[in-house]
Every structure is written in structure tokens, then in C-alpha cells.
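Notes follow once the structure below has been shown.
Bear in mind these aren't lab numbers, they're just calculated from the coordinates by the rules spelled out. As the structure is a prediction and not an experimental result, all values here were calculated from the model. Cβ atoms come from the backbone with ideal geometry, glycine included; neighbour counts cover every protein chain shown.
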């Protein structure tokens, strides 16, 4: 098989997805399966649908377009899809054309979506995102009622729900306090305008500890979560702990050794910045070490997001090289080394055209 490659076990992803669908259904919470870390993979999107997930979301309209137009995945042509990052003004027409719904915070963007929807003679749904403390995207809670009124005045736009996002920029954990605040905002909007909101999207994989932790937890009005990492990697995202009963090894990155030598553990010469302007990494080793170079680099993966096999340690990287040490065994030129991936490494590997994606016995470069 070619290397470097990302081997993707669709059966394990199916298991993770169907397990989460079942568990969250007990709390009356549906899942929007997020494909953004997979570059809108039609194989993974289709697997999520087979597992019982009824809607997909992605942060890039280009990914949604690719899934919509894929001839190899008919199930993706009509499934509800949400653009989970606020649309760019320059992509309002594409957003309405390919996405049924989009998450929004700016009235100027929603006005552009309204114009595009009118041109295409269709209705576009929006989820209004509110700020609950993580300080990424969101309408300030005190401005929500005014914003809803402005959106209701626009033609060809329908407010399908209210949403929030936590644990991304600042690491704020979803808990009963901020989730109850979201429920109260939903109640306020419905009471003020005499409407019923279909979707209350409480957040992402970081919400699972709250949603599934204590059976006594009142999930309030939250009836949807946007899940990607938990399905793909089997972990919650607050502490990256494995979720009980889920596979954490559905993705395996394999790279090939292109150099293997005994080298000094410490560099020699005057030390400046590395190729990416970072301080030179410190080494705890002394004397001579067994060092190997693998044919993959920062252009393709995040080295910090790799979990090396036992006895192998990632010690550095440049654009095209990953440097490892294996003091107990000699790594041979041509040998392949498998790594488990964290979210950051998965995201970059899926985006890199130099990493071959292998689904079972089928590869998609």
C-alpha cells in the first residue's frame, strides 16, 4: 500500500455513530453528524447516515457541495445539511444552493442569504448562534430578541432554531449552568414571538459528558448536538478521554522510514529558531540515540496530534519530515510505522493531498 496513508475503519465509525444515536435518543437528543474533519468524505458521511444519523453538518460549503454532487453516494443528495460556520457574504448564493440550513450571527449575512434564497425561489433555514462564554461565535444574549425580530422580517428565511458552541476557543465546558441559560433563551424567544423552535443545538462533542453523564441531569430544551470527533475518534473533547463502549482506533496513520541512523541526542552549533520560527525543542536524552526520519511532515499532520507505538517517540518535525527515536529497536529504511491520531492530526491528514485515504480495501487519494 502507498504511504503515507490514513486507514479508516468504517465499521468502527458506524459502531461509534449508532451507539451515540441510541444513547442520546434516550435523552431526546438528535445528532447532526459533522464531516468537517474528514474534508466532507462521502464514505464517512454515508456511514453516519447508515448508522441512524439523520442530518449532516460541515464548516465549509465546498465540502457540502462535494457531498451533494457525489455520484457515488446517492444518500447524500437529499439528506438535510447544515453549514455550521457562519457563511461568508461572498458565498451566500452557494450556501442557499447546497445547504438547507446555516448557523448565523450577523444580520448582514442573513440579509444576503435572504436575497439569494429569493433569487433561487426557495426558503433557507437559519440557526441563530448565541454567545455563552467561550467567546467564539455568537449573538450576545441581550441582543437575541432584537436579532430574531430582524430575521423574522426577512423574506425566504426561516428560523429553525437556536444554538451555541463551547469548548473551542476558550475551553469553556458545557454544564448545567450554561445549558440551562440556553434553554431559557429559547423559552424567551418562543414566548415573545409565539413561535416554536424546531432545533436547539447545544453544542459539540464536548457536551457529551454533560448529556450522558448523570441520568438525573435535566437536558432542558436541548434536542440536538453536532458531533464529529466523538464519532470519528471515540473521545469526548474536554479532556480527550475515551467514551465508554466506543472505538478510539478507527483512524490509523502510517508513514514510511526514509532514514535510520545513530545520531547525537543534542544538536551542535549556535541555536536559533526552527524552520517554523519556533524555539528549538529541548531533548532529555544524552549521548547517542537511534533516530529515524519518516516521510511525512507538518504540511500533512500535526506532530503533537500523533500517538506513536510503544517504544517510539516523536521528537521533532519539519515541513516534510517527522523525526522519531526508538532506542530499544532499530527502525529500518522502508519500514512502516503506524500512529493513532488525535483531532488535530486527523484534520490535517484528511486535508493533505499527500496522505492517501484508505477505506477498507478502497483508497481515495
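So here's what we get for this one:
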| item | result |
| --- | --- |
| Antiparallel bridge percentage (DSSP; both residues within the chain; nearest 5) | 50 percent |
| Among 275-287, 199-211, the order from most to least packed when residues are scored by Cβ within 10 Å on average | 199-211, 275-287 |
| Helix 10-25 vs. the chain, principal-axis angle (Cα, 0 to 90°, nearest 10) | 40 degrees |
| Degrees between helix 176-193 axis and first principal axis of the chain (Cα, 0 to 90, nearest 10) | 30 degrees |
| Per principal axis, descending, Cα span of region 200-262 in whole Å | 59, 20, 18 |
| Förster-model FRET efficiency, 45 Å R0, residue 72 and residue 285, C-beta, rounded to 0.05 | 0.40 |
| Whole-Å distance, taken between Cα centres, linking region 308-345 and region 87-114 | 43 Å |
| Kirkwood Rh and Cα Rg combined as Rg/Rh, the chain | 1.03 |
| Coordinate range along principal axes, alpha carbons of region 251-364, Å, largest first | 46, 32, 20 |
| Residues 44, 337, 298, sorted so that the one with the fewest Cβ neighbours within 10 Å comes first | 298, 337, 44 |
| Where a label projected 7 Å from the Cα of residue 107 along Cα→Cβ would reach, residues of region 130-173 with amide N under 12 Å | 143-154 |
| Kirkwood hydrodynamic radius of region 1-125, Cα pairs, Å | 15.4 Å |
| MRE, 222 nm, helices only [DSSP H, n ≥ 4, -39500 (n - 2.57), over the chain, to nearest 500] | -8000 deg cm²/dmol |
| Theoretical FRET efficiency, 1/(1+(r/R0)^6), r = Cβ-Cβ of residue 195 and residue 275, R0 56 Å, to 0.05 | 0.55 |
| GNM result for the chain, Cα springs below 10 Å: residue of 246, 331, 120 fluctuating most strongly | 120 |
| Backbone N under 15 Å from the residue 22 label point (7 Å along Cα→Cβ), restricted to region 39-83 | 51-53 |
| 0 to 90° range, to nearest 10: angle between helix 107-119 axis and the chain longest Cα axis | 70 degrees |
| Alpha-carbon centroid distance for the pair region 150-217 / region 43-61, whole angstrom | 21 Å |
